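Data block below; observations after.
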Amino acid sequence: MKEKLQTEHAPKPTGPYSQGVKMDGLIFVSGQDGVHPDGKTAGESIELQTRACLTNIENILKEAGAGLEDIVHMTCHLADLSKENVRAFNQAYAAYFENVDIMPARITVGSVLMETDVEITALAYKK
């Protein structure tokens with residue numbers, strides 16, 4: 001059975017989609033931009049926006065009874081794929097997974113539809 005995930009600890013969807021969906025142990029988290037739950041941009045830096053994305057993802061996963069350690073794959077969209085920007089992104093990203101034994105698989109691509117510099121989506125598994 002498909003279950004909608006919704007928390008006030010992440011931004012409300014800006015379109016016709018759910019924050020997340022859980023089904024048969026799979027948890028799909030919609031793309032989270034670099035904004036706080038109130039919709040305000042988390043700052044100008046890629047580090048601050050990355051932290052906001054991952055905190056939002058973490059809060060949506062909590063609604064499903066899961067955590068960052070349950071993520072199996074992430075797709076990361078960056079507006080700027082310069083070495084300096086990717087390095088700063090990776091540093092902020094890595095800090096969220098310091099206590100995770102197996103890092104999620106990941107792809108990073110260059111494109112962001114919203115007004116932020118980063119958007120991250122996640123796929124997790126929690127039986």
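The values are calculated or read from the model by the stated rules, or taken from the named source; none is laboratory data. Not measured: the values here are computed from a predicted model. Neighbour counts are summed over all protein chains in view; Cβ atoms, including those assigned to glycine, are modelled from backbone coordinates with ideal geometry.
Descriptive notes on the structure:
- Within the stretch 61-88, the set of residues being among the hydrophobic types (A, V, I, L, M, F, W, C), touching a residue at least 24 places away in the same chain (Cβ under 8 Å) and over 26 Å from residue 21 (Cβ atoms) comprises 79, 81, 88.
- The C-beta contact set for the stretch 110-127 (first residue under 18 Å from residue 46 (Cβ atoms), second residue part of a loop (DSSP other than H, G, I, E, B) and among the β-branched types (Val, Ile, Thr), distance under 9 angstrom, 6+ apart or interchain) comprises 114/14; 118/112; 119/112.
- Every condition in (1) touching a helix residue (DSSP H, G or I) at 6+ places or on another chain (Cβ under 9 Å); (2) touching a residue at least 40 places away in the same chain (Cβ under 8 Å) is met by residue 58 except one, and the failing one is (2).
- The condition (being over 20 Å from residue 116 (Cβ atoms), basic (Lys, Arg), over 12 Å from the mean Cα position of the chain (by Cα) and loosely packed, with under 13 Cβ neighbours inside 10 Å) is satisfied by just one residue among 40, 2, 62: 2.
- Among the residues of the stretch 67-94, just one is surrounded by 18 or more Cβ atoms within 10 Å (Cβ to Cβ) and out of contact with any helix residue (DSSP H, G or I) (no Cβ under 9 Å at 6 or more places or on another chain), namely 77.
- Out of 19, 49, one residue alone is closer than 20 Å to residue 73 by Cβ and modelled with pLDDT of 95 or more. It is 19.
- Selection within the stretch 95-113: residues that are surrounded by 11 or more Cβ atoms within 10 Å (Cβ to Cβ) and of a type in the set (Gly, Ala, Ser). The member of this set that is nearest to residue 48 (Cα to Cα) is 95.
- On inspection, residue 92 does not qualify as over 16 Å from residue 47 (Cβ atoms) and either in contact (Cβ under 8 Å) with a residue 24 or more places away in the chain or among the hydroxyl-bearing types (Ser, Thr, Tyr) (or both).
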